[in-house]
Amino acid sequence: MKNTKKFGIARILIIPQKNKFEAVCLDFDLIEEAQTLREAKKLIEAAVRGYVVNICKNGLDDSLLNRPAAKKYWKMFEQYQKFASNRSRSLSSANKRIKNSVFLSMPIEMFAPSICSL
């Protein structure tokens, strides 16, 4: 599914690293780092909001809403999905970083509803 200004999803993976959290918007190739999970979530949501608002406000091409992050992050996302779907069976097979990751999926419209719906 391709994202557009009127409809789409921003998928975010927040990954614990040494002494920090790395938040990645998989669909827009945006990355933020923070000391806490809460701060990482707040920063990536603000980055996504600003990105979407800028695209909508300036009438930029929808292709900018379909800029995949680096393959290494998609690989981590695939590992996270496998872990999440098999959580009860193979807890030990996923590495600690994947086990402690957080995944968020938010509709694009929630970031700039009045601007993007024009």
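The values are calculated or read from the model by the stated rules, or taken from the named source; none is laboratory data. This structure is a prediction, so every number in the text was calculated from the model and none was measured. Using ideal geometry, Cβ is built from the backbone for each residue, glycine included, and neighbour counts are taken over all protein chains shown.
Remarks
- Residue 21 meets all of the listed conditions (1) of a type in the set (A, V, I, L, M, F, W, C); (2) in a helix (DSSP H, G or I); (3) touching a Leu at 6+ places or on another chain (Cβ under 8 Å) but one, namely (2).
- The set of residues in segment 1-30 that are touching a residue at least 60 places away in the same chain (Cβ under 8 Å) and among the polar types (S, T, N, Q) comprises 3, 4, 17.
- Listed conditions (1) within 26 Å of residue 3 (Cα to Cα); (2) modelled with pLDDT of 70 or more are all met by residue 114, apart from (2).
- Taking the listed residues 7, 21, 28, the one that is closer than 17 Å to residue 106 by Cα and at pLDDT 95 or above is 28, with no other qualifying.
- Where residue 59 falls short, out of the listed (1) on the phi > 0 side of the Ramachandran plot; (2) part of a helix (DSSP H, G or I): (2)
- Some residue of segment 45-62 being exposed (fewer than 12 other Cβ atoms within 10 Å of the Cβ), at pLDDT 90 or above and in contact with a helix residue (DSSP H, G or I) (Cβ under 9 Å, 6 or more places away or on another chain): yes
- Set 97, 38, 49: member being of a type in the set (Lys, Arg) and either part of a loop (DSSP other than H, G, I, E, B) or under 24 Å from residue 5 (Cβ atoms) (or both): 49
- Residues (modelled with pLDDT of 75 or more, surrounded by 15 or more Cβ atoms within 10 Å (Cβ to Cβ) and not hydroxyl-bearing (Ser, Thr, Tyr)) located in segment 78-96: 79, 83
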